[in-house]
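Peer 1: Below is one structure. I have some questions about it.
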Amino acid sequence: MEVSPDTLEWRDAYKLLIGSILPRPIAFVSTIDENGIANAAPFSFFTAICADPMLICFSPMRRGSDGAKKDTLLNIEKTKQFVINIVSENMAKQMNDCAVEFAPEVDELEVTGLTKEPSRVVKVPRIKESLVHLECELYQVLDFGDQAGAGSLVIGKVLNIHVKDELFHNGRVDTVKLQPIGRMAGNTYTNPLGKTFDIIRN
């Protein structure tokens, strides 16, 4: 079977992407607006770019209903700051609750019972329940269309990293203790530690 993306309605193209590129790590992004109201939302189009400079990126798609930018992107464009909170299994439900489209004046962290914790470098709060936080300043935004189904690539420069003491050993994060989750298609998530294997490079 072969499919030409040009023949697909954007929702069908989206389903093909999320059903093929998986499992996907989750960037649980906290931001604040110009009035200091906190926002938190998960994004599974997320990865690292490079180590020097330390850059990460995630992609917020445009709202499916009207093609508008999501609050996360609007806040980052205004304040130039955000925090990536890594999602462990213990906070999966609250992370998912934050995926609902709340009104801009609603603080998702308060509504979902998550705890705000001050960051060290940026003004944006961290999410205390997360075990790893990446404090970021905006490096670049690339926009790809302004219609429903379009999106942007947000590149952030990591300014400061928080890792819970019990996770950090000899410069490495203990993945077993982190218990990260990944996004599959639809409503399905995965714990990538269920089955792992090593391959040694020669």
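Peer 1: Working only within the stretch 73-108, note down all residues that are among the β-branched types (Val, Ile, Thr), closer than 21 Å to GLY182 by Cβ and surrounded by fewer than 19 Cβ atoms within 10 Å (Cβ to Cβ).
Peer 2: Answer for the stretch 73-108, where residues must be among the β-branched types (Val, Ile, Thr), closer than 21 Å to GLY182 by Cβ and surrounded by fewer than 19 Cβ atoms within 10 Å (Cβ to Cβ): just VAL100.
Peer 1: Continuing with the same structure: I'm checking my understanding of the structure. Among residues of the stretch 120-151 that are part of a loop (DSSP other than H, G, I, E, B) and among the small types (Gly, Ala, Ser), which one is farthest from LEU17 (Cα to Cα)?
Peer 2: SER130
Peer 1: Another question about this same structure. If I go through the stretch 28-72 residue by residue, how many of them are of a type outside the set (D, E, K, R), buried (at least 16 other Cβ atoms within 10 Å of the Cβ) and not in a strand (DSSP E or B)?
Peer 2: Of the residues in the stretch 28-72, 6 are of a type outside the set (D, E, K, R), buried (at least 16 other Cβ atoms within 10 Å of the Cβ) and not in a strand (DSSP E or B).
Peer 1: Same structure again: Could you look through the stretch 184-202, keep only residues that are open to solvent by 60 Å² or more (accessible area, probe 1.4 Å) and closer than 24 Å to CYS50 by Cβ, and pick out the one that is modelled with the lowest pLDDT?
Peer 2: Result: ARG201.
Peer 1: Among the residues of the stretch 136-148, is there at least one that is aliphatic (A, V, I, L, M) and closer than 24 Å to ASN96 by Cα?
Peer 2: Checked the stretch 136-148: at least one residue is aliphatic (A, V, I, L, M) and closer than 24 Å to ASN96 by Cα.
Peer 1: Still on this structure, I have one more. Can you name the residue in the stretch 115-135 that is touching a residue at least 40 places away in the same chain (Cβ under 8 Å) and exposed (fewer than 15 other Cβ atoms within 10 Å of the Cβ) and is also farthest from CYS50 (Cα to Cα) among such residues?
Peer 2: Of everything passing the filter in the stretch 115-135, LYS123 is farthest from CYS50 (Cα to Cα).
Peer 1: Consider the stretch 16-30. How many of its residues are at pLDDT below 95 and within 17 Å of GLU129 (Cα to Cα)?
Peer 2: Summing the residues that are at pLDDT below 95 and within 17 Å of GLU129 (Cα to Cα) in the stretch 16-30 gives 0.
Peer 1: Name the residue that is nearest to LEU159 (Cα to Cα), counting only residues in the stretch 14-27 that are in a loop (DSSP other than H, G, I, E, B) and among the aliphatic types (A, V, I, L, M).
Peer 2: The residue in question is ILE26.
Peer 1: Now for a separate question. Just name the residue that is surrounded by the fewest Cβ atoms within 10 Å (Cβ to Cβ) out of those in the stretch 136-161 that are free of Cβ contacts under 8 Å to residues at least 60 places away in the same chain and of a type in the set (D, E, K, R).
Peer 2: Out of the qualifying residues, it is ASP143.
The values are calculated or read from the model by the stated rules, or taken from the named source; none is laboratory data. Note that the structure is a prediction, hence the values are computed from the model and not measured. Note that we place each Cβ from the backbone using ideal geometry, even for glycine, and neighbour counts take in every protein chain shown. Ligands, DNA and RNA are stripped out before the accessible areas are found, and what is left, the full protein with its side chains, is counted by its heavy atoms. Shrake-Rupley method; radii C 1.70, N 1.55, O 1.52, S 1.80 Å.
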